[in-house]
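The values are calculated or read from the model by the stated rules, or taken from the named source; none is laboratory data. For clarity, every value in this text was computed on a predicted model and none was experimentally measured. Glycine also receives a Cβ, built like all others from the backbone with ideal geometry; neighbour counts cover every protein chain displayed.
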Amino acid sequence: MKQLVASLALIIVSAAAAIAAPTGEGSRSGATYFMGRAGSSWSYASGDKGKARVTVDSVENWAARFHVEWGKRSTSGTWRVRDGAWVEKLPTHERESLVLPAQLSVGTRWTGPSSLERGEKGTSKFEVISMDAQVELPNGSTREGCVAVLETGDADRAFTHFYAPNTGKVAVQGPEGWLLRLIEFRPGRGGGGD
């Protein structure tokens, strides 16, 4: 009988500890959304009826060199995973900045340079607002399980970035509607992906 009581007490204590402990459910690594393989490309419909294209040109020393063409804008930079975080280096930034931090869950916050989509100088505040957002793409399909990151700056303009696992950015919504929505994604041919 004492063994039964002791076993029951152990089960109750273990169950209480499991309930009280935070779980990893809903928490993911920023690296889950990174795609840095040579030849990877993303084509987006732009809100102003134009198109945008991002291409990973090469991967060297685990850094993916990418190029962005969006209307009259064009820039190059590097992406890589560092300690589980997805980081980016653009010519306009002195150092690498976070695209997504190592640990993502609803409420995760960080600051960094303004995104290309926001297109402003200075810093932005970023916050994960959903780990399971859905985005309807121009072809009518829906990408589920996206992380949604709200970006705000000094002005009242807010942008929401949507990332899908093993794909990267699938959409950006701004104050006037969709800025970018994924039309086509090609995963590339290896050499430093996720």
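Annotations for the structure displayed:
Residues checked against (1) small (Gly, Ala, Ser); (2) exposed (fewer than 13 other Cβ atoms within 10 Å of the Cβ):
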{"residue": "126", "(1), (2)": "no, no"}
{"residue": "136", "(1), (2)": "no, yes"}
{"residue": "150", "(1), (2)": "no, no"}
{"residue": "160", "(1), (2)": "no, no"}
{"residue": "164", "(1), (2)": "yes, no"}
{"residue": "171", "(1), (2)": "yes, no"}
{"residue": "177", "(1), (2)": "yes, yes"}
{"residue": "189", "(1), (2)": "no, yes"}
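- Selection of strands (runs of 3 or more DSSP E) fully inside segment 102-194 by the criterion of at least 1 residues being without any contact (Cβ under 8 Å) to a residue 40 or more places away in the chain and either farther than 17 Å from residue 30 by Cα or polar (S, T, N, Q) (or both) returns 109-113, 123-136, 142-152, 158-164, 168-174.
- Tally of residues being in contact with a strand residue (DSSP E or B) (Cβ under 7 Å, 6 or more places away or on another chain) and either of a type in the set (S, T, N, Q) or closer than 14 Å to residue 41 by Cα (or both) across segment 172-187: 7
- Within segment 74-97, the set of residues being more than 17 Å from the chain's Cα centre (by Cα) and under 16 Å from residue 37 (Cα atoms) comprises just one member, 76.
- For segment 13-55, taking the residues that are modelled with pLDDT under 70 and polar (S, T, N, Q), the one that is farthest from the chain's Cα centre (by Cα) is identified as 14.
- Taken as a whole, the structure places residue 79 among residues that are in contact with an Asp or Glu (Cβ under 9 Å, 6 or more places away or on another chain), closer than 19 Å to residue 164 by Cβ, surrounded by 21 or more Cβ atoms within 10 Å (Cβ to Cβ) and not small (Gly, Ala, Ser).
- Residues located in segment 99-137, provided they are of a type in the set (Gly, Ala, Ser) and in contact with a helix residue (DSSP H, G or I) (Cβ under 8 Å, 6 or more places away or on another chain): 102
- Every residue from segment 39-53 that is in a strand (DSSP E or B) and free of Cβ contacts under 8 Å to residues at least 40 places away in the same chain: 53
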